[in-house]
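A short write-up of the structure that comes next.
The values are calculated or read from the model by the stated rules, or taken from the named source; none is laboratory data. Note that the structure is predicted; figures quoted are calculated from it, not measured. A quick note on method: Cβ atoms are made from the backbone with ideal geometry, for glycine too, and the neighbour counts reach across all protein chains shown. Areas reflect the complete protein model, heavy atoms only, side chains present, ligands, DNA and RNA absent. Shrake-Rupley method; radii C 1.70, N 1.55, O 1.52, S 1.80 Å.
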Amino acid sequence: MAETPSSTTVSTKLERIAKQAKQMPGVALTSLSHHIDMAWLQEAYRRTRKDAAVGVDGQTAAEYQANLEGNLRSLLDRAKSGDRYRAPPVRRVHIPKGDGKKTRPIGVPTFEDKILQRAVAMVLDAVYEQDFLDCSYGFRPGRSAHQALDAFWRQVMPMHGGWVLELDIEAFFDSIDKAKLREMLCKRVRDGVLIRLIGKWLNAGVMEEGVVYHPEAGTPQGGVVSPILANVFLHEVLDEWFEHEVKPRLRAKAFLVRYADDAVAVFETEQDARRVMAVLPKRFEKYSLRLHPEKTKLVRFLRPKFGTDHKKDDPDFPGSFDLLGFTHYWGRSRKGNWVVKRKTAQSRFSRARHRLAMWCRLNRHLPITDQHRTLVRKLRGHDAYYGITGNDRALSMLRYWLRFDWYKWLSRRSHAARRGWEWMERLLGVFPLPPYRIVHSAVLSAAKP
């Protein structure tokens with residue numbers, strides 16, 4: 001998005017908030033809401049997606065923009081007056097999860113609520129970015145999932161692997177203890193306006209199929225302010241605890257990588273890993289969270305010994321695990337050294353293929369030119385995330401299967417005669433699928449043992 005004069009003003013204020021928070025670590029800041037003015041709300045509006053789903057009031061971004069100045073002025077007055085602002089319930093929708101057999105509930109706030117949540121999230125980001133640890137990557141300015149993957153790779157390689165503890169929190173966003181979250185916030189942010197607004201969002205309720213109900217715990221996953229609140233919660237529950245209480249008690253090296261509620265802890269020794277695994281359930285239970293008993297597991301991920309056969313049935317060969325959509329495993333580099341490689345996780349690959357095939361099925365009536373344009377865009381979007389060094393086979397296989405799925409549904413067009421594969425090859429000559437692209441490069445090399 002292009003910068004505006006209000007953007008420059010807000011940037012100066014954000015720097016001032018960040019500087020104050022950095023100079024006063026551990027101190028609760030009591031005067032923050034005065035930074036939220038019309039320029040701040042205009043910047044929050046600029047950062048808010050305009051094409052997202054509508055909330056319970058059905059108002060679109062275009063409708064809100066028709067009287068933008070007046071709407072923002074009214075929003076600012078109501079937000080700072082206290083009782084005049086009423087947080088509307090979020091509209092709950094369900095999106096496919098994993099292989100599409102299960103769904104994930106997502107909360108959709110109203111467009112106006114998104115603007116105000118964005119405004120408050122901007123303040124919280126400026127404060128907590130001074131406190132968050134380097135092991136945290138999810139929903140933070142200037143940080144991404146690929147940086148988390150790179151951080152894992154660069155730390156695990158010098159350790160020659162280790163014991164990987166996969167952490168999976170059951171229904172995390174729905175299980176956050178609201179009272180404990182408020183206590184955590186008040187340790188750093190004690191501005192009455194901000195705390196009151198956050199409290200209203202936590203208690204706003206959820207509307208599903210026309211019925212509003214108020215869950216006792218959790219924040220609506222999908223709300224603009226939810227990611228920063230989740231990071232604040234897990235910062236105390238996991239990050240600080242692991243860094244300041246766990247690591248000093250370990251006998252060997254260990255590190256943590258967390259992206260939102262997805263996390264792995266890596267230990268140099270099995271003894272340290274099992275000690276931490278034993279106390280984790282109690283730690284999370286203290287904050288009303290529960291680890292998934294099947295998905296939370298310990299994986300032996302030690303680098304194979306020199307001369308070890310590259311076979312999964314070899315008892316000395318390490319296991320693999322999934323993190324952020326990629327399966328991590330030990331493989332040979334081009335120089336013959338053992339390195340940690342990554343490929344698209346099977347569940348993500350199956351989901352991507354299913355969605356492409358479903359699109360081909362539902363849109364087989366469109367002109368082939370339009371179908372080809374969309375499929376090219378979808379493949380490039382897939383490469384933007386999964387196009388990582390070492391993932392060539394999975395990227396190539398997705399295109400391989402897409403050719404058959406596209407042919408299958410083109411052959412079922414009502415006006416199409418039975419066509420052979422030769423026809424599809426000629427069509428692909430005119431409308432070729434783009435070759436895969438490695439977007440995120442990594443140096444897969446290592447010293448020989």
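Provide the net charge surrounding ASP262, with neighbours chosen by a C-beta distance below 11 Å and charges set as Lys +1, Arg +1, Asp -1, Glu -1. Spell out each step's value before the answer.
Working: positive: ARG258, LYS295; negative: GLU166, ASP168, ASP261, ASP322.
Its environment carries a net charge of -2.
Ratio of Rg to Rh for the range 136-194, alpha carbon only, Kirkwood?
Values: Rg = 16.8 Å, Rh = 15.0 Å.
With Rh from the inverse mean 1/r over Cα pairs, Rg/Rh is 1.12.
Rounded, prolate or oblate, given the Cα gyration tensor of the range 334-387, with a/c below 1.5 counting as rounded? Could you put the intermediate results ahead of the total?
On the way: a/c = 4.18, a/b = 2.39, b/c = 1.75.
Cα axes put the range 334-387 in the prolate bin.
Per DSSP H run of n ≥ 4, the term is -39500 (n - 2.57); total these for the chain, divide by its residue number, and report the mean residue ellipticity at 222 nm rounded to 500 deg cm²/dmol.
On the way: 15 runs with 192 residues, N = 449.
Value at 222 nm, helices only: -13500 deg cm²/dmol.
Place the peptides 161-168, 401-408 in order of packing, highest mean first, counting for every residue the other Cβ atoms within 10 Å and averaging per peptide. All intermediate terms of the calculation are to be shown ahead of the outcome.
Values: 161-168: 21.0, 401-408: 17.1.
Going by the mean number of other Cβ atoms within 10 Å, highest first, we get 161-168, 401-408.
With the cut-off at 1.5 for a/c, could you classify the range 83-192 from its C-alpha gyration tensor as rounded, prolate or oblate?
Because a/c hits 1.5 or more and a/b fails to exceed b/c, the range 83-192 counts as oblate.
Provide the per residue accessible area, probe 1.4 Å, for the range 124-254, rounded to a whole number of square angstrom. Kindly include the intermediate steps, with their values, before the conclusion.
Details: 5320 Å² over 131 residues.
Per residue, the range 124-254 has an accessible area of 41 Å².
Carbon and sulfur atoms: what percent of the 1.4 Å accessible area of the chain do they account for? It would help to have the intermediate numbers written out before the result.
Numbers: 11430 of 22520 Å².
Answer for the chain is 51 percent, counting heavy atoms of protein chains only.
With a length cut of 30 Å (Cα positions projected on each helix's long axis) and a Kyte-Doolittle mean of at least 1.0, go through the chain and give me the DSSP H helices that pass. Write out the running numbers ahead of the final one.
On the way: long enough: none.
For the chain, where a helix must reach 30 Å along its axis and average at least 1.0, there are no hits.
Quick one: which residues, 5+ away or cross-chain, put their amide H under 5 Å from the amide H of THR110? H built at 1.01 Å from N.
Distant-sequence amide H within range of THR110: VAL56.
Any of LYS180/LYS200; LYS50/LYS295; LYS295/LYS408; LYS187/LYS286 with alpha carbons more than 27 Å apart? Name them for me. Walk me through the intermediate numbers first.
Working: LYS180/LYS200 15 Å; LYS50/LYS295 36 Å; LYS295/LYS408 36 Å; LYS187/LYS286 18 Å.
Beyond 27 Å: LYS50/LYS295; LYS295/LYS408.
PRO105: net charge of surrounding residues, Cβ under 9 Å, Lys/Arg +1, Asp/Glu -1, itself excluded? Kindly include the intermediate steps, with their values, before the conclusion.
On the way: positive: ARG92, ARG104; negative: ASP174, GLU208.
Once positives and negatives cancel, what remains is 0.
Can you list the lysines whose alpha carbon is less than 21 Å from that of LYS305, not counting same-chain residues fewer than 8 positions off?
Partners within reach: LYS253, LYS335, LYS341, LYS448.
Run the reach check for LYS247 against aspartates and glutamates, Cα to Cα strictly under 19 Å, same-chain hits fewer than 8 apart removed. What comes back?
Those aspartates and glutamates meeting the cut-off are ASP131, ASP134, GLU166, GLU236, ASP239, GLU268, GLU270, ASP272.
Averaged per residue, what accessible area in Å² does the range 323-408 show with a 1.4 Å probe, protein chains only?
On the way: 4120 Å² over 86 residues.
Per-residue value: 48 Å².
Which cross-chain or sequence-distant (5 or more) residues have an amide H under 5 Å from the amide H of LYS253, H modelled 1.01 Å from N in plane?
GLU268
Using R₀ = 35 Å, calculate the FRET efficiency as 1/(1 + (r/R₀)^6) where r is the Cβ-Cβ separation of ASP57 and GLU294; round to 0.05. Walk me through the numbers on the way to the answer.
Working: r = 41 Å, r/R0 = 1.16.
Using R0 = 35 Å, I get an efficiency of 0.30.
When the chain is fully extended, how far beyond the present Cα-Cα distance does ASN203 get from GLN271, taking 0.36 nm per residue of separation?
Using 0.36 nm per residue and subtracting the Cα-Cα distance, I get 20.1 nm.
With springs only between Cα atoms under 10 Å apart, run a GNM on the chain and tell me which of THR269, THR103, THR369 wobbles the most.
Looking only at THR269, THR103, THR369, the largest GNM fluctuation is found for THR369.
On average over all directions, what projected area in square nanometres does the range 319-449 have, based on the convex hull of its Cα atoms?
On the way: hull surface 37.5 nm².
Average projection, Cα convex hull of the range 319-449: 9.4 nm².
Below 14 angstrom from the Cβ of VAL27, what's the summed charge of the other residues (Lys, Arg +1; Asp, Glu -1)? Please list the in-between numbers first.
On the way: positive: LYS19, LYS22, LYS187, ARG188, ARG190; negative: ASP131, ASP191.
My count for the surroundings of VAL27 gives +3.
Can you bin the range 163-285 into rounded, prolate or oblate? Criterion: square roots of the alpha carbon gyration tensor eigenvalues sorted a ≥ b ≥ c, rounded for a/c under 1.5, prolate for a/b above b/c, oblate for the rest.
prolate
Take every Cα pair under 8 Å in the chain that's 6+ residues apart, average their separations, divide by the length, and report that relative contact order as a whole percent.
Values: 624 pairs, mean separation 68.8, N = 449.
Relative contact order comes out at 15 percent.
Ranked highest first by the average count of other Cβ atoms within 10 Å around their residues, in what order do 113-121, 258-266, 35-43 fall? Numbers along the way, then the final one.
Details: 113-121: 24.2, 258-266: 22.6, 35-43: 20.1.
Going by the mean number of other Cβ atoms within 10 Å, highest first, we get 113-121, 258-266, 35-43.
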